[in-house]
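Written below as structure tokens is the structure these notes are about.
The values are calculated or read from the model by the stated rules, or taken from the named source; none is laboratory data. All values derive from a computational prediction rather than experimental measurement. Positions of Cβ are backbone-derived with ideal geometry, glycine not excepted, and every protein chain shown enters the neighbour counts. Only protein heavy atoms, including side chains, enter the accessible area calculation; ligands, DNA and RNA are left aside. Shrake-Rupley method; radii C 1.70, N 1.55, O 1.52, S 1.80 Å.
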Amino acid sequence: MSASPLLDIRPEDLAVAFDPATAHLGDRPTVRRHLADLRESFADRAACDVVLANENPLLYEVTAVEPAGGDGQLHYGLGILYPGRVGDEYYLTKGHYHSHRPAAEVYVGLRGEGGMLLEDEATGESRFVPLRRNTIVYVPGHTAHRTVNTGSEPLAYLGIYPANAGHDYGAIAERNFRKIVVEREGKPTVVDRR
Ligand code: F6R
Ligand code: MN
């Protein structure tokens, strides 16, 4: 990054139109995660395999805008998490820590109904906070975060994070979140992973 960040950034990264009905941002590549990519994420592996025997549904899509980096710059991603469940557990994202652990993130809910599981790395303490249209979630540094769709329509959101955050999926792949969000008597309920 030179002394003129404004001039270093591609004009098409300065203003980006988005439609909360799709996760697409111009012609930027969209990452698509299907159930087979999340087999290790759900608590009920058997229920997962029953679905996978017949189909491999699309769970979520994310498109990121990552302008030229440098100290103090920001990146952001538009996510769409579709509604559904595996057994009684709602569709979710893989979840991650930021590789640069102090990096925080702000999520802005655009559409749909759901929440975020936040888990503190040092203590394992967690919170499940609402994420829906017109709700902003603050994800502190050192906190694993996963999005959960508890509604019946797509959950769309924007995540804005420091350019140097990076994504660490390994720690979650090893240990997973301590809590899961399941439907109990028609309502989203947070319970311990057994
Ligand atoms: C970026 C961020 C989000 C997620 C998106 C998909 O730091 O938190 O843009 O990347 O919700 O979730 P993951 O990355 O966990 O598959
Ligand atoms: Mn993040």
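The H on the amide N of residue 86, modeled in the peptide plane, is under 5 Å from the matching H of 91, each at least 5 residues off or on a different chain. Solvent-accessible surface of segment 62-183, taken per residue with a 1.4 Å probe and all protein chains present: 42 Å². Full extension of the chain between residue 68 and residue 173 gives 34.9 nm of extra length, using 0.36 nm per residue less the Cα-Cα distance. Placing a label point 7 Å from the Cα of residue 106 along the Cα-to-Cβ line, the residues of segment 68-87 whose backbone N sits under 20 Å from it are 68-80. Counting only Cα atoms, the chain measures 56, 36, 30 Å along its principal axes, largest extent leading. Across the accessible surface of the chain, with the other protein chains kept in place and a 1.4 Å probe, carbon and sulfur atoms take up 51 percent. Computed from the Cβ-Cβ distance with R0 of 30 Å, the FRET efficiency linking residue 17 to residue 138 stands at 0.70. Residue by residue, segment 38-46 carries 3J(HN,Hα) couplings of 10, 4, 7, 7, 7, 6, 9, 4, 5 Hz when phi is fed to the Karplus relation 6.51 cos²θ - 1.76 cosθ + 1.60 (θ = phi - 60°); x denotes Gly or Pro. Residue by residue, segment 79-86 carries 3J(HN,Hα) couplings of x, 10, 10, 6, x, x, 9, 10 Hz when phi is fed to the Karplus relation 6.51 cos²θ - 1.76 cosθ + 1.60 (θ = phi - 60°); x denotes Gly or Pro. The calculated FRET efficiency for residue 9 paired with residue 31, based on their beta-carbon distance and R0 = 25 Å, is about 0.70.
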